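The values are calculated or read from the model by the stated rules, or taken from the named source; none is laboratory data. Note that this is a predicted model, so its numbers are computed, not measured. Here Cβ is always computed from backbone atoms with ideal geometry, including for glycine, and neighbour counts include all displayed protein chains.
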Amino acid sequence: MTVSSSAVNFCAPLFYPVLEKQPLLLLATAQQMLQQNGLPKATYVYIGSEGCDILLLRHTALFLKIADLFHEEGLAVTLVLPPVAEEQLEAVCEFLTEAVKVSHFDEIVCNDVGMLLWCSHHLSDCKRRAGRCFDKTVREARFDLYSVPNLQNSREVLPYAEQSIITELFRDCSVSGIDIDTVPGAVLQLPEVGRDYAIWYPETILSYSTTCEFAGSKLPASGKFLVGHCCMECKMYKTTVQHKSFWQIEKNGRIIEAIAPQPLQQLVNGKGRAVVSIRQWSEQL
């Protein structure tokens, strides 16, 4: 892969405690790790919540503060939104309306059709990107799916946006770019010209849940699995599949992800933005 630009990704809930206390130290560490691993210095920073609208709403003040802080450091700031439930829709829209007025957000990543349409109508001056949750490419991380005889000649795959009619919606909403995942066992083939792709690495979404198994883990049984009944346990820990699998599998909040073991350059052919989480290089964070 030819990396046209780098973004450092701080959307994982485990980053939030560090963002609250030492955001500039975290940024400096991330920049150093990008360069140590052969990637250009980041010109973008991704903040927000990709998996939980409740987590997003509980940290609006933090996002507004660090957006300005990172902008002062010369970085473009991308705000990532999760799929938004109807119960949280009004509050999320109020936050976005205020956010673009008072803080520096250069892009908004939308992960559901409703928010994409709302942003296109109400936040037309802010660039919009289609998030990873739109990508329905088949992924299997427990074993090498492409070693199956009928699929052995199919290790090169096109991004979903090159095959799906949903791109008509993206065009109508003036989407400026598309954020996607790598594919376990395959090599993603980006077109030479056309769309602005951003590749998230090393995590690849396998599935997304509307109910968080972490939420309410400290509450009695009668309080578990109720919307909003959580102590934000996702900021404190994640779970990892312990048995052997093709790619390591983790549960972070509502999202189940596979962790790519190879360098990004081996997983993608073409040119695009690298959106990198540094957790795989610095687990102490």
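General remarks:
- Leading residue by the ranking (modelled with the highest pLDDT) among those in segment 244-254 that are within 22 Å of the chain's Cα centre (by Cα) and of a type in the set (S, T, N, Q): GLN248
- Residue check, ALA221 modelled with pLDDT under 90 and crowded, with 23+ Cβ neighbours inside 10 Å: no
- Test for VAL92: is it part of a loop (DSSP other than H, G, I, E, B) and hydrophobic (A, V, I, L, M, F, W, C): no
Yes/no per residue for (1) over 19 Å from ALA12 (Cα atoms); (2) free of Cβ contacts under 8 Å to residues at least 24 places away in the same chain; (3) not in a helix (DSSP H, G or I):
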| residue | (1), (2), (3) |
| --- | --- |
| LEU56 | no, no, no |
| PHE70 | no, no, no |
| LYS101 | yes, yes, no |
| LEU117 | yes, no, no |
| SER120 | yes, no, no |
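- Taken together, the criteria place THR29 among residues that are of a type in the set (S, T, N, Q), crowded, with 17+ Cβ neighbours inside 10 Å and in a helix (DSSP H, G or I).
- For segment 230-243, taking the residues that are surrounded by 15 or more Cβ atoms within 10 Å (Cβ to Cβ) and assigned to a loop (DSSP other than H, G, I, E, B), the one that is modelled with the lowest pLDDT is identified as CYS230.
- Selection status of SER282, in contact with a Ser or Thr (Cβ under 7 Å, 6 or more places away or on another chain), surrounded by fewer than 14 Cβ atoms within 10 Å (Cβ to Cβ), more than 24 Å from VAL84 (Cβ to Cβ) and at pLDDT below 95: yes
- Number of the condition not met by LEU39 [criteria: (1) closer than 15 Å to CYS11 by Cβ; (2) crowded, with 18+ Cβ neighbours inside 10 Å; (3) hydrophobic (A, V, I, L, M, F, W, C); (4) in contact (Cβ under 8 Å) with a residue 40 or more places away in the chain]: (1)
- Residue check, TYR208 at pLDDT below 90 and aromatic (Phe, Trp, Tyr): yes
- When LEU34, LEU57, LEU14, LEU81 are checked against the criterion of being modelled with pLDDT under 95, touching a helix residue (DSSP H, G or I) at 6+ places or on another chain (Cβ under 7 Å), buried (at least 16 other Cβ atoms within 10 Å of the Cβ) and within 26 Å of ASP181 (Cβ to Cβ), a single residue qualifies: LEU14.
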